[in-house]
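Accompanying notes for the structure given below.
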């Protein structure tokens with residue numbers, strides 16, 4: 001028998017009492033002399049009714065005659081129950097409808113009716129009672145066997161579904177799918193191959209087998225396939241000589257007697273194959289074929305999804321790298337403009353202010369209008385210098401590079417509060433391991449939020465909290481300003497406003513949330529993942 005011995009059926013455990021044993025002993029007493037004629041006639045009748053050879057073999061193994069023959073050879077009733085379970089599972093895998101099984105039993109009963117005519121009344125009564133007990137026991141056991149097959153298929157489908165959900169990548173997905181299907185088939189070994197870009201060049205993407213022996217190929221190995229067309233349809237190959245047969249792994253020729261080959265078809269084209277190895281001769285059955293072909297289609301779809309996810313993740317990484325370089329270029333340009341303003345325009349304005357002061361001191365006492373004009377020009381120059389310094393600080397805050405994010409945020413909050421008349425409450429938690437790129441992004445978000453709150457929302461109070469925890473930087477800015485419609489704010493493009501903040505955070509792999517309503521203030525929450533590779 002190919003299937004491993006399952007626990008005895010419910011029929012065996014609950015109905016193999018003394019009464020049933022007595023009735024089965026009746027069968028073992030009355031039927032054996034007639035079995036040489038009875039069993040061949042039953043098989044011929046099954047052939048006439050269109051039962052396949054495998055169906056005929058399974059049905060013949062669960063008849064009253066089969067029970068009588070086993071008991072006559074001194075085997076115990078549980079052995080017969082186990083045999084019924086095994087062949088019941090085979091009938092289920094053969095997709096044999098229950099009405100066909102009932103038809104076969106009726107044909108056997110008709111054959112027994114002819115035998116009953118040769119018995120006396122007492123023997124006929126005992127035979128009928130024995131047949132009733134046999135039928136009850138077999139029906140219960142067959143129901144249990146069919147349920148076992150259905151449960152195994154359900155468990156396999158559930159396992160495949162869980163594999164899709166839980167696998168972290170394509171290779172892990174293919175390996176887990178193959179292992180689940182190998183358990184369903186009860187195969188000693190299994191391998192999954194995918195077709196490569198070069199003609200005839202395939203690769204091993206998943207493999208499983210007994211520890212310490214079996215397959216010689218490992219995941220990642222290349223396989224040369226000279227005639228892939230022979231793998232385009234599902235096939236079961238039972239080796240009867242030393243030839244390799246369907247198996248792509250050369251070691252299978254000496255290790256495994258049977259090879260099941262299940263194609264992976266993508267839009268009608270052969271994209272790969274799954275193969276299962278068995279030590280003994282084991283022809284696959286229609287229901288097993290159906291499950292494996294459906295699973296192969298599911299595997300290929302899942303692999304395609306996993307491949308797309310991996311490609312999407314790779315592109316997302318590339319996008320983040322490009323975004324990081326763009327942000328670095330942006331900050332370098334800000335520093336360049338800031339330095340030029342400081343070194344060129346700033347120094348020139350200081351010289352202008354000095355010249356104006358010198359002219360003021362040299363103006364004759366009788367020229368009040370000239371003196372007033374010079375003082376007005378000097379005041380304007382002073383205000384321009386102050387505004388220039390504010391712009392320089394906003395463009396590239398030196399304290400961010402020199403002292404870090406916490407110090408830069410404190411300076412920013414103090415300056416905005418002083419210049420705009422806004423009360424800023426700042427709560428800074430631990431900021432361990434925050435790389436420079438994220439620090440700049442967080443600073444720019446807070447800077448824009450404060451400017452928006454002071455200039456556009458007329459806020460009087462702003463609360464800011466920032467902390468790094470659980471591998472991410474968490475930032476929240478809340479104000480009591482005029483508020484706005486979030487949809488309208490996100491539509492505005494072309495500046496580092498609400499949409500710009502959202503895009504910057506998204507490019508860094510973070511989350512950006514806005515809560516606001518007219519007259520109800522605004523709350524902005526940002527979560528940025530901290531990656532060690534970011535600088």
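Scanning segment 107-139 for residues that are within 47 Å of the chain's Cα centre (by Cα) and crowded, with 18+ Cβ neighbours inside 10 Å, which turns out modelled with the lowest pLDDT?
Among those residues, the one meeting the criterion is 137.
Which strands (runs of 3 or more DSSP E) sit wholly inside segment 182-294 and have at least 2 residues that are more than 20 Å from residue 54 (Cβ to Cβ) and touching a strand residue (DSSP E or B) at 6+ places or on another chain (Cβ under 8 Å)?
On the way: elements: 189-195, 201-208, 222-224, 235-238, 258-266, 269-278.
By residue number, 189-195, 201-208, 222-224, 258-266, 269-278.
In the condition set (1) farther than 27 Å from residue 316 by Cβ; (2) surrounded by 18 or more Cβ atoms within 10 Å (Cβ to Cβ); (3) at pLDDT below 85, residue 504 is compliant with all but (1).
Evaluated against (1) in contact with a helix residue (DSSP H, G or I) (Cβ under 6 Å, 6 or more places away or on another chain); (2) touching a residue at least 40 places away in the same chain (Cβ under 8 Å); (3) outside the structural domain of residue 265 (by TED's automatic domain parsing), residue 205 falls short on exactly one condition, (3). Picking from residues in segment 453-465 that are in contact with a helix residue (DSSP H, G or I) (Cβ under 8 Å, 6 or more places away or on another chain) and modelled with pLDDT of 85 or more, the one that is farthest from residue 404 (Cα to Cα) is 459. Residue check, residue 200 against (1) at pLDDT 90 or above; (2) loosely packed, with under 13 Cβ neighbours inside 10 Å; (3) more than 22 Å from the chain's Cα centre (by Cα), all met but one. Which one? All conditions pass for residue 200, except number (1). Of the helices (runs of 4 or more DSSP H) lying entirely inside segment 350-432, those containing at least 1 residues that are at pLDDT 80 or above and surrounded by 12 or more Cβ atoms within 10 Å (Cβ to Cβ) are 368-395, 405-420. Out of all the residues in segment 148-171, is one or more within 25 Å of residue 44 (Cα to Cα), over 27 Å from the mean Cα position of the chain (by Cα) and assigned to a helix (DSSP H, G or I)? No, segment 148-171 contains no residue that is within 25 Å of residue 44 (Cα to Cα), over 27 Å from the mean Cα position of the chain (by Cα) and assigned to a helix (DSSP H, G or I).
From the set of residues in segment 466-501 that are under 33 Å from the mean Cα position of the chain (by Cα) and closer than 17 Å to residue 522 by Cβ, which is modelled with the lowest pLDDT?
First, the residues of segment 466-501 that are under 33 Å from the mean Cα position of the chain (by Cα): 467-476, 490, 499-501.
Checking the rest, the ones that are also closer than 17 Å to residue 522 by Cβ come to 475-476, 490, 499-501.
Working: 475: 92, 476: 93, 490: 72, 499: 76, 500: 76, 501: 81.
This residue is 490.
Figure legend. Inter-residue proximity from segment 467-492: first residues not assigned by TED's automatic domain parsing to the domain that holds residue 405, second residues at pLDDT below 85 and part of a strand (DSSP E or B), beta-carbon distance below 9 Å, spacing 6+ or different chains. No pairs are indicated. Each residue in segment 62-86 was checked for being surrounded by 22 or more Cβ atoms within 10 Å (Cβ to Cβ) and more than 24 Å from residue 126 (Cβ to Cβ), and 1 pass.
When residue 184 is tested against the conditions (1) within 20 Å of residue 306 (Cα to Cα); (2) surrounded by 19 or more Cβ atoms within 10 Å (Cβ to Cβ); (3) more than 20 Å from the chain's Cα centre (by Cα), the lone failure is (1). Being crowded, with 16+ Cβ neighbours inside 10 Å and at pLDDT below 85 is a property that does not hold for residue 59.
The values are calculated or read from the model by the stated rules, or taken from the named source; none is laboratory data. Because the structure is a prediction, the values reported are computed rather than measured. So basically every Cβ, Gly included, is an ideal-geometry build from the backbone, and we count neighbours across all protein chains shown.
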